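*Asks:* Here it is, the structure, as structure tokens.
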Amino acid sequence: MSQQNRLGPAVGGFGSSVRGRVVGILGPAVSVLIAAIFAAVFVSAFAEAESAHFHHVRLNVTDPEATMEFYTRVFGATPTRYANSVDALYTERSFILFNVVDEPPPSALKSGLWHIGWGGIDMPHKYEWLKSQGVKIHTPLYALGSSFVTYVQGPDDELIEVNTMGHNRFGHVHLFAEDVNETVKWYLENLGLSARRPHVPKPDLTRVRAWSNSFRCDNVSIIVYGRPDFTPKPPWWRWEPLTEFEPTEGRAINHIAFSYPDLKPEIKRMRDNGVTIVKPIGFRYDMNHTSFFVEGPDKVLIEIVESPSIPEGIWDEE
């Protein structure tokens, strides 16, 4: 069942109950006028709160055929021709698109875009299968509570988490943030999304795994961890403390993208919010679509694509 369908009964019931009380108190003529005003205000508020949709992850790749083969074979992505123009991968409700580059892109974990992630059901067996397929293991399988986690690397060393999720689909994007609350707030205010929690106090990092929050866009969870800029280092981080972010543009995972059916009101709203516009609205001939780019928190490049929402997968239907 779509989100729109799930919202429908609640919205209708609320409006109906208000109209019933108005008719009883003021009579039919006045109630019709008030109901019309109420409906206009309600629709306007709902339109202003329209949420973005998750559109794609953009990778910088040296060999697009090898990348297509890897994600198709290992993660079940579907090869497609995006916008009837370029080779791409379809991952249930969004895409993986490519910038073809001559030299291997930087892949060291120095940006605010940590990794992308897929789910797994029987992770111990899946881990053995990944090894049998020659997949480069970045972090061996380990237990996390009742779940299991491993990290692997794609053809250009982009980092991919595979963890217990109850499915085998593309499931998340993991970000780093200087301030988890400020980063999450930015996405909520500028993309109309909802967070798991509105505010998470910074914990004692010697006692908990991480300072974190998350929000969801369509079927993709976007998880935000406070960057590991402290000592002693957390157990999941084996490198030097990450005290400065490098821009994501040009790195193995170049950017993430969201979509709206009409870009003009969105770019105006973002400008009014003080968002840095990196590239204004324009037609991107390499991708055969119209978009604009902004700088998100922590130097993460974000593209906003003009596109209708991608239909939900069959697993969401009831």
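*Asks:* Residues in region 220-234: is at least one touching a residue at least 12 places away in the same chain (Cβ under 8 Å), of a type in the set (D, E, K, R) and in contact with a His (Cβ under 9 Å, 6 or more places away or on another chain)?
*Replies:* Among the residues of region 220-234, not one is touching a residue at least 12 places away in the same chain (Cβ under 8 Å), of a type in the set (D, E, K, R) and in contact with a His (Cβ under 9 Å, 6 or more places away or on another chain), which makes the answer no.
*Asks:* Determine, yes or no, whether residue 161 is more than 22 Å from the chain's Cα centre (by Cα) and among the acidic types (Asp, Glu).
*Replies:* No, not satisfied.
*Asks:* Turning to a different aspect of this structure: Report whether or not residue 197 is in contact with a strand residue (DSSP E or B) (Cβ under 7 Å, 6 or more places away or on another chain), surrounded by fewer than 18 Cβ atoms within 10 Å (Cβ to Cβ) and of a type in the set (D, E, K, R).
*Replies:* So residue 197 fits the description; yes.
*Asks:* State all residues of region 78-113 that are assigned to a loop (DSSP other than H, G, I, E, B) and β-branched (Val, Ile, Thr); if no residue qualifies, say none.
*Replies:* 91, 101, listed by residue number.
Rundown of residues vs (1) surrounded by 16 or more Cβ atoms within 10 Å (Cβ to Cβ); (2) modelled with pLDDT under 95; (3) under 24 Å from residue 237 (Cα atoms), yes/no style:
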| site | (1), (2), (3) |
| --- | --- |
| 102 | no, no, no |
| 114 | yes, no, yes |
| 123 | yes, no, yes |
| 136 | no, no, yes |
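*Asks:* Can you spot a residue in region 248-261 that is free of Cβ contacts under 8 Å to residues at least 60 places away in the same chain and over 30 Å from residue 103 (Cβ atoms)?
*Replies:* The answer is yes; a qualifying residue exists.
*Asks:* Answer with yes or no whether residue 91 is buried (at least 18 other Cβ atoms within 10 Å of the Cβ), in the same structural domain as residue 157 (by TED's automatic domain parsing), among the hydroxyl-bearing types (Ser, Thr, Tyr) and closer than 18 Å to residue 259 by Cβ.
*Replies:* Yes, satisfied.
*Asks:* In addition: Collect the residues in region 165-216 that are hydroxyl-bearing (Ser, Thr, Tyr) and in contact with a Pro (Cβ under 6 Å, 6 or more places away or on another chain), keeping them in residue-number order.
*Replies:* Within region 165-216, just 183 meets the criteria.
*Asks:* Any idea which of (1) free of Cβ contacts under 8 Å to residues at least 24 places away in the same chain; (2) in contact with a Phe, Trp or Tyr (Cβ under 9 Å, 6 or more places away or on another chain); (3) of a type in the set (Gly, Ala, Ser) is the one residue 119 doesn't satisfy?
*Replies:* (1)
*Asks:* Further question: Enumerate the pairs (first residue in region 128-146 and polar (S, T, N, Q); second residue anywhere and modelled with pLDDT of 95 or more) with beta-carbon separation below 8 Å, excluding pairs fewer than 6 apart on the same chain, so at least 6 apart or on different chains.
*Replies:* So the pair list comes out as 133/73; 133/74; 139/149; 139/150; 139/151; 146/164.
Okay, residues lined up against (1) in a strand (DSSP E or B); (2) over 15 Å from residue 220 (Cβ atoms):
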| position | (1), (2) |
| --- | --- |
| 119 | yes, no |
| 127 | no, yes |
| 142 | yes, yes |
| 155 | no, yes |
| 163 | yes, no |
| 167 | no, no |
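*Asks:* So, one more: Being in the same structural domain as residue 293 (by TED's automatic domain parsing), buried (at least 18 other Cβ atoms within 10 Å of the Cβ), touching a Leu at 6+ places or on another chain (Cβ under 6 Å) and not basic (Lys, Arg): is that true of residue 148 here?
*Replies:* For residue 148, the condition - in the same structural domain as residue 293 (by TED's automatic domain parsing), buried (at least 18 other Cβ atoms within 10 Å of the Cβ), touching a Leu at 6+ places or on another chain (Cβ under 6 Å) and not basic (Lys, Arg) - is met.
The values are calculated or read from the model by the stated rules, or taken from the named source; none is laboratory data. Fair warning: this is a prediction, and the values are worked out from it, not measured in the lab. Cβ: placed from backbone, ideal geometry, glycine included. Neighbour counts: every protein chain shown.
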